[in-house]
Each structure stands twice: as C-alpha cells, then as structure tokens.
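Note sheet for the following structure.
None of the figures in this text is laboratory data; all of them are computed from the coordinates on show. A quick note: this is a predicted structure, and the numbers were derived from the prediction, not measured. Neighbour counts are summed over all protein chains in view; Cβ atoms, including those assigned to glycine, are modelled from backbone coordinates with ideal geometry.
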Amino acid sequence: MIRRRQDIWRHAIATAVVVASAVAVFVMILAPRSDWATDIPSSVVFATAMSLAFAVFNGRQILRNHDLAVELTRMLERDRLTDVATREYFYRRMAETPGAHGVLLMIDIDHFKAINDGFGHVTGDRVIHHVAQILRRNCRPEDIVCRFGGEEFVVFLRGVGAESGFAAAERLRRVIAASPLTHEDMELRVSVSVGGSLTNRGDAVDSAINAADAALYKAKELGRNRSVMSWLSPEVPARRAG
C-alpha cells in the first residue's frame, strides 16, 4: 500500500532524530572527558543539523518515489480521459474474485462516429468523458465501471440478479439520454445501447463479455438506444457478428 505524504515526512524526521541521538551518544563515549564542556555541545549541534539535512533530503527522495508510484498506479488503473477504470484493471479485479455473481453490461455510445465527424474529436472526447461520469455517479462503490475501448464501456454489477440487472441497465440508459452535453450554446443529446449477460460462479469472464457483446450488437440492430439482455433474448447469437 502506498503511504500518505504525512507518514513519509514523519518517518524521515523520526529517522533524523534517531540518527542525531546515536551520533551524540557516540561522540560522548569517544570524546576525551576534558573536552566535554566545549566539544560535545558543538558536536551534538553539528550531528543534529546534519541529521535534519539528511531527513529533508531523504524525505524529498521518498516523496519523489511515492509520487512516481502513485502516477504509475493511476496510469495502470485509471483511464486518463475518463478517470474510470482501465480494461486491465477490470480484468485484474475480476481475476481476484473468480466466478463472481452479478450482471455484466456492455455499453456503447450510439452514432459516435457521426459525433466525431460532425463536431470534431475534442467534442468526441468530451462525450466519452460525459458518459463515463454519468455511469460512475450512478453505480455503487462495489461495482466496476471501466472504459473497455474507444466509446465502449463495461459495467459489472456485483451480486445483482437478472431482474435488478435489467432495471439497472435501463436506468443508466435513461439517465444518459436525459443528460445532454452543452456544446457551443447548444444541447448535444447522447444515447447509448446496452447489452447484458449474467455471470455465475465458474463462468469465465470472457464468456460473459462475449454474451453481453452479442446482446449489445442485437440492441444496435434493433435501432439503438435500448437495452438487450442475453437471458431475455434467445435469438441473440453466441458471438458478436462482424
């Protein structure tokens, strides 16, 4: 676990105090008794000053390493554009709890290419960020919200059953549709298509993703801006076509 900055400075100062005390004792033992009155105070002051300087230097080095570790961890776990989980972090979390029960949702922004072509890539990035924040705000702390790639997201609803999973998918879809993004004094309305699958103990993550992906493809085929759950749609193909 990465330590807090305050803890790092406390550790550095405590180290300095210990070093200064050790040096002072060392000087008192080795110094001639006749020189105690003059040499020991100056030696102790010198040792303390050097130890404090060492503490500052050591603290700064530790902080640099700490900040680097925080940044590297953030790069691995958080998507830079959206600040939701990365694909790698999603797979790692799922691997830590194999066979976790819940509902896996694949969510794709509708007509995203048209948004990029019509408004530019900067606006396209804003749309991706906008949708990601809505997903994060409307999910529980125990759920995983991940940018899976491009304009596609994965949401894992831990411990949720079929009925609640479908209700959650529809709620997320409706909230996004009802939350336009302001662009140059106009409202840019965004919608998403959602595909869902159930995950049970013993199921592989990739199997759940394939099933949700196939359901997402069906939602787009039916006209977009809708949710299709694999367990409610027998006609959903085993794998996504194309």
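A compact table of results
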read-out	value
Net lengthening on full extension, residue 179/residue 92 (0.36 nm per residue, minus Cα-Cα)	28.2 nm
Antiparallel DSSP beta bridges within the stretch 87-232, as percent of all bridges there, nearest 5	90 percent
The stretch 71-154: trypsin sites (Lys or Arg not before Pro) in DSSP loop, at most 11 other beta carbons within 10 Å	80
Low-density loop positions, GluC sites (Glu not before Pro), the stretch 107-205 - DSSP coil, at most 12 other Cβ in 10 Å	142, 184
